[in-house]
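Visitor: Let me begin by handing over the structure; questions about it come next.
The values are calculated or read from the model by the stated rules, or taken from the named source; none is laboratory data. Keep in mind that what you see is a predicted model, and the values were worked out from it rather than measured. Because the Cβ atoms are built from the backbone with ideal geometry, glycine has one as well, and the counts that use them run over all protein chains shown.
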Amino acid sequence: AASGTAQQVDVAVVGAGFAGLYLLHRLRQAGFTTVALEEAGDVGGTWYWNRYPGARCDIQTIDYSYTFDPELEAAWAWSEKYATQPEILRYLGFVADRYELRRDIRFGTKVTEAKWNEAAERWQLTTDNGAPVSCRHYIMATGCLSAPKPPEIDGVKDFKGEVYFTGRWPHDGVNLAGKRVAVIGTGSSGIQSIPLIAEQAAHLTVFQRTPNFALPAHNGPAPSDRMSLLQGDRAAYREQARQSMAGVPYPQQTAVSWQLSDAERRARFEEAWGKGDLVYILTQLWADQAVDVDGNKLICDLIREKISATVKDPETAAALMPHDHPFGAKRPCLDTNYYATYNRPNVTLVNLRQEPIKAITATGITTARRSVDVDVIVFATGFDAMTGAIRAVHPITGRGGKSLSDVWAQGPQTYLGLTVEGFPNFFMITGPGSPSVLSNMAVSIEQHVDWVVDRLRALRDAGFTTIEPTETAQAGWGQHMADCSMLTLHRLANTWYTGANVPGKVQGLMPYTGGVGPYRSICDEVVSRGMLGFKLTGPKVAAQC
Ligand code: NA7
């Protein structure tokens, strides 16, 4: 279509990552015409952009896979327990090829604005490249960690050396050999890349604001016990994941910490440490670890002991030990040689809690105590999570000319994390209010996509043209989210879950903490009770269910 003449489709999708690809496939199967608009030059989403050294999945890859097609599962074998970014990107390319998805994707195309046309009951999307799009339904599959944060530190423009962001790593790689490198940030991206950068660089200086808990990944082949469970009964294994709290098939733990002796707790912890599995250690040690500060502190102490045993310099070891948040309340990390890297003579840790960064200068970074000259600065400083990529389409204008940014001025309000009152026929995959970021994304994405596409098909077949949550339903979901948030410890940490990492962002826990299995049941109940909480309209019908 020429620029100016809108491309007409039933459903427009924004994003061609894990969620967007599956959406395209399901929408086509359901008989909808569709297009996906993708800013990047190819499929992959987060795995397209995050090409920094050491980028890997930190959910076991046998679990971090599509499960909708047994033939696809049979056609692909992962080479490692935790696949690298290039392998995951190859997998997503393989999926795109297998279902011929690229023909409906417009690459290099950013959606700049979206407007609901009340009379036509259609969304009008403006893009920065080619034709606008007119669609009945508009689905954002833009990911939760896809809008990198700006540097936020004075003087970046003055720096004469090279500057990289882990979330926008150059595709042809970066040669760090023999260079003096600074890494700012010690979240997953920093913790994965620091050991590899240290191996190449002449000297690496790590600027740490908040220490994070990290566990050894023990990467290698997929563990044989998990593989035999999967291969023994693939359908049951996948179903258990869908009904679980975090999207990985582990049973509910029932023993509580005070029922166990010190020795029993230590034995459980050592076993978990040896497994190298975040979801295992987050859910299988004792039942009170995620809900009670005392049960949680026992784990924090044991991990701090491990840090102390690994890092030789006591001051560095102390600086690496988290004390400000419960284990799991901030996203913990999986590492390969992270703590041991600080024993290298060419690595220095700068504790920003004691000496904050004052400025970046032409030659390096100045803190309250020192100036460090470097050739390269790597920002591993994270993302405007969950809402950043949604709000990047601006404005998204719903019914009555209201913009989503205005409606969310006090924080995101959604029904089920999937829809927003005042924004008919608008859906978010893994939006704020969904459990996605507290789970195995692959399981959450499939659930969200299946639910949305099944609803669109049912609405179409019943003659409805619009769907929108009621104000009451949305308020109820907000209340339920707030109630659930009191049950876990996530509220006790300043994190990207709460918006605390972005200066000026409204604070509040954004993910749903009730677990993916219970969340699935709620979504299913909404359907079985006649689309409870949604208003549906059509040419001949106007129904309030
Ligand atoms: P994260 O987890 O948000 O980590 C970002 C890190 O950068 C974290 O240590 C931040 O400290 C630090 N940071 C952010 N801004 C600054 C400034 N201005 N100055 C100094 N330090 C800063 O992002 P990642 O990319 O590592 O990981 C994102 C998710 O991807 C991860 O959770 C997994 O789910 C996969 P802070 O903790 O805010 O004090």
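Visitor: Can you tell me which residues in region 114-146 are closer than 19 Å to Gly4 by Cα and either of a type in the set (S, T, N, Q) or in contact with a Gly (Cβ under 8 Å, 6 or more places away or on another chain) (or both)?
Guide: Of everything in region 114-146, those that are closer than 19 Å to Gly4 by Cα and either of a type in the set (S, T, N, Q) or in contact with a Gly (Cβ under 8 Å, 6 or more places away or on another chain) (or both) turn out to be Trp116, Asn117, Gln124, Thr126, Thr127, Asn129, Ala131, Pro132, Ser134.
Visitor: In addition: Find all pairs meeting these conditions: Cβ atoms under 6 angstrom apart; at least six residues apart or on different chains; first residue within region 308-327 and farther than 18 Å from Ile194 by Cβ; second residue modelled with pLDDT of 95 or more and in a loop (DSSP other than H, G, I, E, B).
Guide: His325/Ala493; Pro326/Leu489; Phe327/Phe213
Visitor: Regarding region 514-529, can at least one residue be identified that is more than 16 Å from the ligand (Cβ to nearest atom) and touching a strand residue (DSSP E or B) at 6+ places or on another chain (Cβ under 9 Å)?
Guide: Let us first name the residues in region 514-529 that are more than 16 Å from the ligand (Cβ to nearest atom), namely 514-515, 517-529.
Still in the list and also touching a strand residue (DSSP E or B) at 6+ places or on another chain (Cβ under 9 Å): 519, 526.
Yes - at least one qualifying residue is present in region 514-529.
Visitor: Has region 339-347 got any residue that is among the charged types (D, E, K, R) and away from the ligand (no atom under 16 Å from the Cβ)? First the steps, then the outcome.
Guide: In the first step, residues of region 339-347 are kept if they are among the charged types (D, E, K, R); the result is 344.
Still in the running and away from the ligand (no atom under 16 Å from the Cβ): 344.
Checked against the condition, which is being among the charged types (D, E, K, R) and away from the ligand (no atom under 16 Å from the Cβ), region 339-347 yields at least one hit.
Conditions tested, residue by residue: (1) away from the ligand (no atom under 13 Å from the Cβ); (2) over 18 Å from Arg180 (Cβ atoms).
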| residue | (1), (2) |
| --- | --- |
| Val372 | yes, no |
| Val378 | no, no |
| Gly382 | no, yes |
| Ala385 | no, yes |
| Ala389 | yes, yes |
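Visitor: So which strands (runs of 3 or more DSSP E) stay within region 297-387 end to end and still have 1 or more residues that are more than 30 Å from Phe427 (Cβ to Cβ) and more than 24 Å from the chain's Cα centre (by Cα)? Spell out the reasoning first.
Guide: On the way: elements: 333-335, 347-351, 357-360, 364-367, 371-373, 376-379.
Because the criterion is at least 1 residues that are more than 30 Å from Phe427 (Cβ to Cβ) and more than 24 Å from the chain's Cα centre (by Cα), the strands (runs of 3 or more DSSP E) in region 297-387 that meet it are 347-351, 357-360, 364-367, 371-373, 376-379.
Visitor: Also: What's the total number of residues in region 452-475 that are surrounded by fewer than 20 Cβ atoms within 10 Å (Cβ to Cβ) and either within 16 Å of the ligand (Cβ to nearest atom) or within 25 Å of the chain's Cα centre (by Cα) (or both)?
Guide: 2
Visitor: Quick one: in region 185-220, of everything that is within 11 Å of the ligand (Cβ to nearest atom) and either under 12 Å from Leu349 (Cβ atoms) or of a type in the set (D, E, K, R) (or both), which residue is surrounded by the fewest Cβ atoms within 10 Å (Cβ to Cβ)?
Guide: Arg209
Visitor: Now for a different question. For region 258-291, give me each residue that is part of a loop (DSSP other than H, G, I, E, B) and either surrounded by fewer than 17 Cβ atoms within 10 Å (Cβ to Cβ) or over 27 Å from the mean Cα position of the chain (by Cα) (or both). Full working, then the answer.
Guide: Of region 258-291, the ones part of a loop (DSSP other than H, G, I, E, B) are 260-261, 276-277, 284-286, 291.
Residues satisfying the conditions are Leu260, Ser261, Val291.
Visitor: Now a separate question. Counting just the residues of region 126-139 that are of a type outside the set (Val, Ile, Thr) and surrounded by fewer than 24 Cβ atoms within 10 Å (Cβ to Cβ), which one comes out farthest from Ala40 (Cα to Cα)? Outline the logic, then answer.
Guide: Initially, region 126-139 is screened for residues of a type outside the set (Val, Ile, Thr), giving 128-132, 134-138.
Next, from what is left, pick out any that are surrounded by fewer than 24 Cβ atoms within 10 Å (Cβ to Cβ): 128-132, 134, 136.
Working: Asp128: 13, Asn129: 12, Gly130: 15, Ala131: 17, Pro132: 18, Ser134: 21, Arg136: 24 Å.
Across region 126-139, the extreme among qualifying residues is Arg136.
Visitor: For the structure I just gave you, tell me whether Ala114 is within 26 Å of Ser434 (Cβ to Cβ) and among the aliphatic types (A, V, I, L, M). Write out each step before concluding.
Guide: Values: within 26 Å of Ser434 (Cβ to Cβ): yes; among the aliphatic types (A, V, I, L, M): yes.
Against the criterion (within 26 Å of Ser434 (Cβ to Cβ) and among the aliphatic types (A, V, I, L, M)), Ala114 qualifies.
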